[in-house]
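Here is the structure we will look at.
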Amino acid sequence: MSVQVKQRRRGHVEPRPEGAVQEVAHQFEDIGQQNESYIVGMWSFLVTEIMFFGGIFMTYIVYRTKYPQTFTIASGELDWKAGFLNTLILLTSSLSMAFAVRNAQLGKRWRTLLCLGITILCAFGFLGVKTVEYSTKWAHHLVPGPNFHFSRHGGEQAAPADRGTSFVEDASPETSGGGAKPEGEIPQHEAQLFFGLYFASTGLHGVHVIIGIILLAYWGGLVQFNARAARDFIPIEMVGLYWHFVDIVWIFLYPLLYLIGSPKL
Amino acid sequence: MDVTTTEPSSARKNYLNWDHSWQSWLFTLDHKRIGILYLISISAMFFLGAVAISLVRVELATPRGDLVESETYNKLFSAHGIIMVFFFLVPSIPATLGNFLIPLMIGARDLAFPRLNLLSWYLFTIGGGFAMTAFITGGVDTGWYFYTPYSSTYSNNQVALTIIGVFIAGFSSIATGVNFIVTIHKMRAPGLTWFRLPLFIWAHYATSVIIVLGTPVVAITLLLVLLERAFRIGVFDPALGGDPILFQHMFWFYSHPAVYIMILPSMGVISELMAAFTKKRVFGYSFIAFSSIAIALLGFLVWGHHLFTTGQSMYAGMVFSVLSFLVAVPSAIKVFNWTATIYKGQVEFTAPMLYALGFIGLFTIGGLTGLFLAAMAVDIHLHDTYFIVAHFHYIMVGGALFGYLGGLHYWWPKITGRMYPEGWAKLAAGITFVGFNLTFFPQFILGQMGMPRRYHFYPEEWQALNVLSSAGASILGLGYAIPLFYFLWSLRYGKLADANPWRAVGLEWRVPSPPPAHNFDEIPIVVWEAYEFVPEDADEAEQDREAMPGVPAGGHE
Amino acid sequence: MAHHAASAHNGHHAEMHEHHVMDVAVYWKVFLALMFFLILTVAAAIFDLQVIIQKATGLNIRGLNIMIMLTIAVIKATLVVMYFMHVKDGTRLTWIWAAAGFVWLLLMFAMIMSDYIARGEVEQAPPGWEQIH
């Protein structure tokens, strides 16, 4: 009496009113349950990602409050214009990702593919700019390690005379005259911490971008060959959630790393 | 793990015998089989961790360092800690019993993401492989918490490899956590509301929340240690302007809640055992349910009590101290409610119940000694002594491990379709209890006398207590070994179990033992409350079981 | 079927919760807003409001710039979460999990920073301490 029976509806295909076709996996009862499971699952995974990057941000907060001056000076060494370009690229990629999801929802295969393609292109653009930035830092001995040496190159080829106008006023004449010896001014370890955090955070973010490219390409490929799995829009939406998250991380990284050093136009 | 084909139990297709090929095991998406894979892996890990600590206990039988050198000693206790914490206790109950039982208990055919579940086991195995490689190729001597700058700058052994192993195992635990959260939210059978759920499920939900919120933080922290080792970026090295206490903060932000990852599932098991062996609804159901959530959330706010003596601000210490006292409240609520459940119940002293009763006593001792350590002034005396060691072993072994063993006995008939030998099991439970107390109670006294942990020699006057502790450890080892033998024995020779050998309630007892691969022929609709025992009218309960489609009433086949 | 009544308890909103397909215009508007805020952030960094206010009124608000930039970043992130990530149309459960990470992260920041802020405040020995020892 107390047990009633529910009909099983496993493995059936449900056409969406909007156009996409979804298949119910065996462990789910209906498509609503399946879709929301994926969304909640992805969000709880993103919670772990938030906490993961949160650890880096935590470290950043601690050392920025500990060494505010050095962080400001060291931040001036980053190329805020390159960062601006990258933010632009990532936001654009987020827009095209959002459109990819929308087209997948509507079951528009070719448009989905086009949008995924644009997203991937943007991602490669982002990595390209990042590579240029990294190689500049390498050339300037700003990669933490035994070769680290921070002397202000003044971001955009600033002349040595430029130095006096910057943050620290009391540079003694012999160090500013020496050209390459401003160590008395900027503690090397503190600067190395900034660049360590710069490389750790942007590097981890970069790894996420690369994973994003792989995911996008994989699902793009499935859509291309019209695989059964790719008729469902939910996987694309999942990739989208991930990609937007990567974007959000950058939204915070950009001002914290590039813009705290009073950039000049 | 095969069930022999000559036995009648194999007449019915179940999750164990529908396919015997190794591929069907290694590529299985069935939560029950993945649970078994985990069971085998973590048992192997437990064995390795136990071997490491046996050597430590043998060394400590004499005051001189005569068996191993100090360096080897450091590597042994580090291996013990790392294996037991990251590769045994964290996955122990969730990945085996949780994996096996959650879908059965909530009336689902599988976890929400079966492939993620399999991936989790592979990640665990790969992580374990890295850690094992590290131990074989030189070992690691940092202790399980990798304190910087020793681990990041000075230690010249396999820290990097070990950290990579722990990092990967962390992802396996995250995968499990995400899977459980979604499954418990979305896969419950119709009618199975939150307050009809078994408390085991509540405990696992709370555990999963901790896993998801905490594990990534330790992952990034250990990654920073790796980066520090590779590039000397200096985040945790005071010589380079970094702050080692930041490492401790971020490490314990995960690793203190991780204690609750280990103990909460065990508490869930105890709730089930209490109901099943007193034949009563658990007293204060909603209090126990909410105290799980409260422990999960409050547990995140107390980590600073690990830093009382390491340079944390005194004010922060005071806040953390008060919060640490607070977390005792939900834990005590649970203990009181379990005790109240026994009152006027029909208590059956089966082996699982013996473990459960042991849990309550030992957990109470462990918890109360924890309050000593949460008091700042007392902690300064007891910090890094054997008192701490005894305290957390009362929680981890007396609590988490007893719950695990109790649960394993209780659900063994469901998992394998065979009963374990009750007499031997009771004996083993008794031996474990005696051996455990003999091992760790002397350590409270040693710690109070000031014996510091992690040294391989000590003054003569502490020898008597240390010998007692080592003797207890060998009894404890015997207590662990006996179940291993009779569990394996029971796979072939054990009495066949019917669907519900304990006459317990709960959806998992309404399917045959062992369950079919798809769990439920039809998804049940739940219209009864949790732990609804019907003692005066047993016939009706029997009818219920008969009415359940696909379940033969009153016995096996 | 009886199951509809039962599954309402269960939180499957299969019937109620359809996936909203957002308007193209919404995405474009959000994108333009993001662009606007991006330029605003950079402007706030270049034309240092802190310096300007100090020159005009003599009032030095420390950390004003970083606060402005972070506020803008929070707004941008919220826009992305709400519209691009569809949380706006999500169920309550999605809302909870979307918020959980950010809330918990702030908690971690607050707890750890509370230690750093309070460091070194009470290193002074109480009066009469020397006589005891």
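The values are calculated or read from the model by the stated rules, or taken from the named source; none is laboratory data. Keep in mind the model is a prediction, meaning the values are calculated, not measured. Reconstructed Cβ throughout: ideal geometry from the backbone, glycine too, with neighbour counts over all protein chains shown.
Quick notes on this structure:
- Selection status of B:Arg418, in contact (Cβ under 8 Å) with a residue 12 or more places away in the chain, within 20 Å of B:Leu382 (Cα to Cα) and of a type in the set (Lys, Arg): no
- For the range A:207-233, a tally of residues being within 11 Å of another protein chain (Cβ to nearest Cβ), in a helix (DSSP H, G or I) and buried (at least 23 other Cβ atoms within 10 Å of the Cβ) returns 0.
- Verdict on C:His4 being more than 8 Å from every other protein chain (Cβ to nearest Cβ), at pLDDT below 90 and out of contact with any His (no Cβ under 7 Å at 6 or more places or on another chain): yes
- Residue list for the range B:487-538, filter: out of contact with any Phe, Trp or Tyr (no Cβ under 7 Å at 6 or more places or on another chain), part of a loop (DSSP other than H, G, I, E, B) and either on the phi > 0 side of the Ramachandran plot or among the aliphatic types (A, V, I, L, M) (or both): B:Ala497, B:Arg503, B:Ala504, B:Gly506, B:Asn519, B:Ile523, B:Ile525, B:Val526, B:Val527, B:Tyr531, B:Val534
- Qualifying residue in the range A:47-55 (condition: under 30 Å from A:His149 (Cβ atoms) and free of Cβ contacts under 8 Å to residues at least 12 places away in the same chain): yes
- Criterion (of a type in the set (Gly, Ala, Ser), within 21 Å of the chain's Cα centre (by Cα) and within 15 Å of B:Leu226 (Cα to Cα)) met by exactly one of B:Ala160, B:Ala169, B:Ala131, B:Ala175: B:Ala131
- Residue in the range B:223-241 that is farthest from the other protein chains (Cβ to nearest Cβ), counting only those that are touching a residue at least 40 places away in the same chain (Cβ under 8 Å) and buried (at least 24 other Cβ atoms within 10 Å of the Cβ): B:Val225
- Looking across B:His256, B:His249, B:His204, one residue alone is touching a residue at least 12 places away in the same chain (Cβ under 8 Å), closer than 30 Å to B:Gly311 by Cβ and crowded, with 24+ Cβ neighbours inside 10 Å. It is B:His249.
- Scanning the range B:360-389 for residues that are of a type in the set (Asp, Glu) and surrounded by 20 or more Cβ atoms within 10 Å (Cβ to Cβ) gives a single hit, B:Asp379.
- Evaluated against (1) more than 21 Å from B:Gly127 (Cα to Cα); (2) at the interface with chain A (Cβ under 8 Å from one of its Cβ atoms); (3) in contact (Cβ under 8 Å) with a residue 24 or more places away in the chain, B:Leu199 falls short on exactly one condition, (2).
- You will find that of B:Phe180, B:Phe171, the residue that is surrounded by fewer than 24 Cβ atoms within 10 Å (Cβ to Cβ), closer than 19 Å to B:Pro114 by Cβ, away from chain C (no Cβ under 13 Å) and in contact with a helix residue (DSSP H, G or I) (Cβ under 6 Å, 6 or more places away or on another chain) is B:Phe171 and no other.
- Within the range A:141-157, tally of residues that are surrounded by fewer than 18 Cβ atoms within 10 Å (Cβ to Cβ) and modelled with pLDDT of 80 or more: 5
- Condition check for B:Ala134: closer than 26 Å to B:Leu26 by Cα, more than 12 Å from every other protein chain (Cβ to nearest Cβ) and part of a helix (DSSP H, G or I): yes
- Within the range C:71-91, restricting attention to residues that are more than 7 Å from chain A (Cβ to nearest Cβ) and of a type in the set (S, T, N, Q), the residue that is farthest from A:Glu237 (Cα to Cα) is C:Thr71.
- Filtered residues of the range B:405-451 (kept if surrounded by 21 or more Cβ atoms within 10 Å (Cβ to Cβ) and charged (D, E, K, R)): B:Lys414, B:Arg418
- Residues that are more than 7 Å from chain A (Cβ to nearest Cβ) and closer than 27 Å to C:Lys29 by Cβ do not occur anywhere in the range C:102-109.
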